[in-house]
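Q: Mind looking over this structure? Questions follow.
The values are calculated or read from the model by the stated rules, or taken from the named source; none is laboratory data. Because the structure is a prediction, the values reported are computed rather than measured. Ideal geometry is used to build each Cβ from the backbone, glycine not excepted, and the neighbour counts take in all protein chains shown. For accessibility, only protein heavy atoms count, side chains too; no ligands or nucleic acids. Shrake-Rupley method; radii C 1.70, N 1.55, O 1.52, S 1.80 Å.
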Amino acid sequence: MKPAPTLSSAFLHPAGQSLPQPLLALRKQRAAALLGMPLPTRKTENWKYSARHLKLADDMAISLPAEGKTGTSLAVPGYKVVFLNGVMLPEASEFPDLDGITITSFSDLDEQEARELAGRLDHTLTPQSVQLAQLNSARFEDGLLIRLQPDAVLDQPLYIIHEVNADASGSAFPRIFVDAGRHSRLTLVEEFISSGSNGQAQVLVNAVTEFCLDEGAHLTSIRLDMEGDSIQHIGATGVRQQRNSRFESHCVGFGGALRRHDLQVRLEGEGAECKLNGVVVAQGAQHYDNHTNIEHVVGHCNSEETYRNIAADQAHVVFNGRIHIHPDAQKSNAEMNNKNLLLSNGAEIDTKPELEIYADDVKCAHGATIGQLDKTSVFYLVSRGIGRREAHVLLTMAFINELVAQIPVPAVRETAQTRLNQFFEATFQEA
Amino acid sequence: MLSIKNLHASVEDKEILKGINLEIKAGEVHAIMGPNGSGKSTLSQVLAGNEAFEVTEGEVTLNGQNLLELETEERAREGIFLAFQYPVEIPGVSNLQFLRTAVNAMRKHRGEEDMNAAEFMKLAREVCKQVDLDPSFLKRGVNEGFSGGEKKRNEIMQALLLQPKLAILDETDSGLDIDALKVVADGVNALRSPDRAILMVTHYQRLLNHIVPDYVHVLAGGRIIKSGGRELALELEEKGYGWLGIKDEDAADAPAN
């Protein structure tokens, strides 16, 4: 048996040196830990269905330059931070000027702040399950620290546009850390987009976002994955929640060469609750893999998770939803629901609810289904004169409408809707 | 308007319709009665174009056009409307979106412009009122959580909205209490017009007290075994299907009204 391929050392070359010393040291430490890391294969449990889509060629290892023009991002109203190829562009950004909120580049932190941050990065994520995503900590060129003082409330959503230029091969490592103080409020919208593509370039986006919610903080995260087909995206979002805090996540993902997103939430204070909604659509030969993990560390917390996946053509969608209820987490209330829609015989969806429950007084419900468009419903619609294609679009939209409608920012909901419509137009093209 | 000649149809290789002959002219109301399993619903579904049924023999024309060659949606656009016995619930598609899409599909077929949202809303509210449905039903998912009676009224409301040439009502009376039956009957009567035909499929004669048919046909074993005027329905009620030499256990349980 030949040895499993390991992560090429080309991916561990340090780049930008603008970071303060403690963060450089952290990066070096992470790089050392990843050296010789075996790449996941189909025998790697949590990469079982995605390993074959992972193709890390050496020429993807180099960081893409943070220069060039940004595209659509300028149209976004209100507060926004624009990342190009993983690095923040201050001139394209519009920061809120409000008491109680500071948005700082990692490279602008002083030694003391940087040391504090270095001690907190990666602590929202379980290292062994997101090893590949943690390449980010060995490679980020810079990052964004968003701090909310106690009781700070951002009056409008804060957009983060992650744009990557897909003209040349390379990689981007955007990094965000959100530190939400007691009873603060924030809605963060992350849009992942790409511009340019010559079809040959191989691009890796490795984005990590972390949220720490102090007591009573309310945070809403909306994430739209809309990068071009050729991009390989390996991302992770980590969340830690203290007492009575609330975290709401709305993810809408469009498939691509490789899409892998890990969402991990730790409920660490009583009364904390999270609501995780996710929609994935994939067509052609696209792929999308969502792994979620909710840790009920203490009792009296609620989690509610609803994911809907749609796969057309030869697309492949994976959902793995883990709920882990720790021994002392009595009176936990966890609900997970995952429904899947296959639009063609060649499409594949793999779903796995994974429940580990070590406390005896808990409520934990889960359900997963995989189905096709209902023939009776199609007949009902076409019997009213509606074209077959339009009937298919209506019914497919119906499958996810409920989740799209819950996206709390109208402009983002519209963006998602527009992109979804484009997806359905392409999927149900007139033969 | 509708001409059915020697129609045979099967589902999963089992022949259900064994040679139906029926002529319906514009302005007429026909009732098809018969015991359970006689093929009444199959006939409705075949006319509307449900692919689960295979037509093995015979012909059906609508104003001279071969209906069997048309797709379901084309039949609808040519004026066939089926009020379902069991209307389908479609959560996630609002009734309003559904109806507007249907109306505009019909308009497009006739070469007309789409109806704008405001115009449509006005029209939809009017037809809702006609079948005593609160306009709030327009905002709900198609038939989602509707009671049996509300579903049937929603079907009739669609017929009023789409103004078909031939409305086929499949057991529209089943599951209705007497008040709802009256509302539905009023809706159907509003559909009656000299250039429209109505085909009612029903097990019981009680609907025919409210919507008086011009002709009554008895369907049994996949064939029409007797035709007559409205008095045939009354005779059936009095004597039961057994009178015609057919067994029907359900008919014996028919409510006396």
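Q: Of all residues in the stretch B:185-209, which are in contact with a helix residue (DSSP H, G or I) (Cβ under 9 Å, 6 or more places away or on another chain) and at pLDDT 90 or above? Let's see the steps before the verdict.
A: In the first step, residues of the stretch B:185-209 are kept if they are in contact with a helix residue (DSSP H, G or I) (Cβ under 9 Å, 6 or more places away or on another chain); the result is B:185-191, B:198-209.
Across the stretch B:185-209, the qualifying residues are B:185, B:186, B:187, B:188, B:189, B:190, B:191, B:198, B:199, B:200, B:201.
Q: If you don't mind, there's one more thing I want to ask. Out of the stretch B:52-71, which residues are open to solvent by less than 70 Å² (accessible area, probe 1.4 Å) and at the interface with another protein chain (Cβ under 8 Å from one of its Cβ atoms)?
A: B:52
Q: Within the stretch B:88-105, work out how many residues are outside any helix (DSSP H, G or I) and at the interface with chain A (Cβ under 7 Å from one of its Cβ atoms). Walk me through it before giving the result.
A: Of the residues in the stretch B:88-105, the ones outside any helix (DSSP H, G or I) are B:88-94.
From what's left, at the interface with chain A (Cβ under 7 Å from one of its Cβ atoms): B:88, B:90-93.
Total meeting the criteria: 5.
Q: Follow-up question, since we're still on this one. Any idea which residue in the stretch A:84-101 is most open to solvent (accessible area, probe 1.4 Å), counting only those that are more than 24 Å from residue A:217 (Cβ to Cβ) and touching a residue at least 40 places away in the same chain (Cβ under 8 Å)?
A: A:87
Q: So residue A:150 fits all but one of (1) buried (at least 18 other Cβ atoms within 10 Å of the Cβ); (2) part of a loop (DSSP other than H, G, I, E, B); what number is the exception?
A: The failed condition is (1).
Q: Please pick out the residue among A:12, A:19 that is surrounded by 13 or more Cβ atoms within 10 Å (Cβ to Cβ), within 29 Å of residue A:290 (Cβ to Cβ) and modelled with pLDDT of 85 or more. Break it down stepwise before answering.
A: Values: A:19 fails: within 29 Å of residue A:290 (Cβ to Cβ).
Of A:12, A:19, the one residue that is surrounded by 13 or more Cβ atoms within 10 Å (Cβ to Cβ), within 29 Å of residue A:290 (Cβ to Cβ) and modelled with pLDDT of 85 or more is A:12.
Q: Additional query: Go through the stretch A:33-65 and give me each residue that's touching a Phe, Trp or Tyr at 6+ places or on another chain (Cβ under 9 Å), open to solvent by 80 Å² or more (accessible area, probe 1.4 Å) and farther than 19 Å from residue A:136 by Cβ.
A: Once the filter is applied, which keeps residues that are touching a Phe, Trp or Tyr at 6+ places or on another chain (Cβ under 9 Å), open to solvent by 80 Å² or more (accessible area, probe 1.4 Å) and farther than 19 Å from residue A:136 by Cβ, the stretch A:33-65 yields only A:42.
Q: Against the condition in a helix (DSSP H, G or I) and either in contact (Cβ under 8 Å) with a residue 40 or more places away in the chain or in the same structural domain as residue A:211 (by TED's automatic domain parsing) (or both), how does residue A:116 come out, does it pass?
A: On the way: in a helix (DSSP H, G or I): yes; either in contact (Cβ under 8 Å) with a residue 40 or more places away in the chain or in the same structural domain as residue A:211 (by TED's automatic domain parsing) (or both): yes.
Spelling it out, residue A:116 is indeed in a helix (DSSP H, G or I) and either in contact (Cβ under 8 Å) with a residue 40 or more places away in the chain or in the same structural domain as residue A:211 (by TED's automatic domain parsing) (or both).
Q: So, one more: Which of the following residues is closer than 19 Å to residue A:416 by Cα and either modelled with pLDDT of 95 or more or in contact with a strand residue (DSSP E or B) (Cβ under 9 Å, 6 or more places away or on another chain) (or both): A:215, A:227, A:273, A:295? Step through it out loud before you land on a result.
A: Working: A:215 fails: closer than 19 Å to residue A:416 by Cα; A:273 fails: closer than 19 Å to residue A:416 by Cα; A:295 fails: closer than 19 Å to residue A:416 by Cα.
On inspection, the qualifying residue turns out to be A:227.
Q: Same structure again: Specify which of the listed residues (A:320, A:290) is touching a helix residue (DSSP H, G or I) at 6+ places or on another chain (Cβ under 8 Å) and either modelled with pLDDT of 95 or more or in the same structural domain as residue A:421 (by TED's automatic domain parsing) (or both).
A: A:320
Q: Let me ask something else. Restricting attention to the stretch A:1-43, which residues are among the polar types (S, T, N, Q) and in a helix (DSSP H, G or I)?
A: Just the residues of the stretch A:1-43 that are among the polar types (S, T, N, Q), to begin with: A:6, A:8-9, A:17-18, A:21, A:29, A:41.
Answer for the stretch A:1-43, where residues must be among the polar types (S, T, N, Q) and in a helix (DSSP H, G or I): A:9, A:21, A:29.
Q: Considering the stretch B:139-149 alone, what residues qualify as being more than 11 Å from chain A (Cβ to nearest Cβ) and open to solvent by 40 Å² or more (accessible area, probe 1.4 Å)?
A: The answer is B:139, B:140, B:145, B:147, B:148.
Q: State yes or no: is residue B:49 buried (at least 19 other Cβ atoms within 10 Å of the Cβ), within 14 Å of another protein chain (Cβ to nearest Cβ) and small (Gly, Ala, Ser)?
A: yes
Q: Among the numbered criteria (1) at pLDDT below 95; (2) surrounded by fewer than 18 Cβ atoms within 10 Å (Cβ to Cβ), which one does residue B:74 miss?
A: (1)
Q: With respect to the numbered conditions (1) surrounded by fewer than 24 Cβ atoms within 10 Å (Cβ to Cβ); (2) farther than 25 Å from residue A:242 by Cβ, which one is the sole condition not fulfilled by residue A:162?
A: Just one mismatch for residue A:162, condition (1).
Q: In addition: Of A:344, A:383, which residue is surrounded by 13 or more Cβ atoms within 10 Å (Cβ to Cβ) and assigned by TED's automatic domain parsing to the domain that holds residue A:253?
A: Of A:344, A:383, the one residue that is surrounded by 13 or more Cβ atoms within 10 Å (Cβ to Cβ) and assigned by TED's automatic domain parsing to the domain that holds residue A:253 is A:344.
Q: Identify the single condition in (1) at positive phi; (2) within 19 Å of the chain's Cα centre (by Cα) that residue A:160 does not satisfy, given that it satisfies every other one.
A: (1)
Q: Next up: Check every one of the helices (runs of 4 or more DSSP H) wholly within the stretch A:372-431 and list those with 2 or more residues that are at the interface with chain B (Cβ under 10 Å from one of its Cβ atoms) and touching a residue at least 40 places away in the same chain (Cβ under 8 Å).
A: On the way: elements: A:375-382, A:388-405, A:410-427.
The qualifying helices (runs of 4 or more DSSP H) are A:388-405.
Q: Could you please find all residues in the stretch A:127-142 being within 16 Å of residue A:177 (Cα to Cα) and of a type outside the set (A, V, I, L, M, F, W, C)?
A: Matches in the stretch A:127-142: A:134, A:136, A:137, A:139, A:141, A:142.
Q: Report yes if residue B:35 is open to solvent by less than 70 Å² (accessible area, probe 1.4 Å), more than 19 Å from residue B:196 (Cα to Cα), in a loop (DSSP other than H, G, I, E, B) and at the interface with chain A (Cβ under 8 Å from one of its Cβ atoms), otherwise no.
A: no
Q: Checking residue B:80 against (1) crowded, with 23+ Cβ neighbours inside 10 Å; (2) within 14 Å of chain A (Cβ to nearest Cβ); (3) in contact with a Gly (Cβ under 6 Å, 6 or more places away or on another chain); (4) of a type outside the set (Asp, Glu): exactly one of these is not met. Which one?
A: All conditions are met except number (3).
Q: Counting just the residues of the stretch B:88-98 that are modelled with pLDDT under 95 and more than 14 Å from residue A:391 (Cβ to Cβ), which one comes out most open to solvent (accessible area, probe 1.4 Å)?
A: Looking at residues that are modelled with pLDDT under 95 and more than 14 Å from residue A:391 (Cβ to Cβ), I get B:91.
Q: All but one of (1) part of a loop (DSSP other than H, G, I, E, B); (2) open to solvent by 10 Å² or more (accessible area, probe 1.4 Å) hold for residue A:295, so report the exception by its number.
A: Among (1) part of a loop (DSSP other than H, G, I, E, B); (2) open to solvent by 10 Å² or more (accessible area, probe 1.4 Å), the lone unmet condition for residue A:295 is (1).
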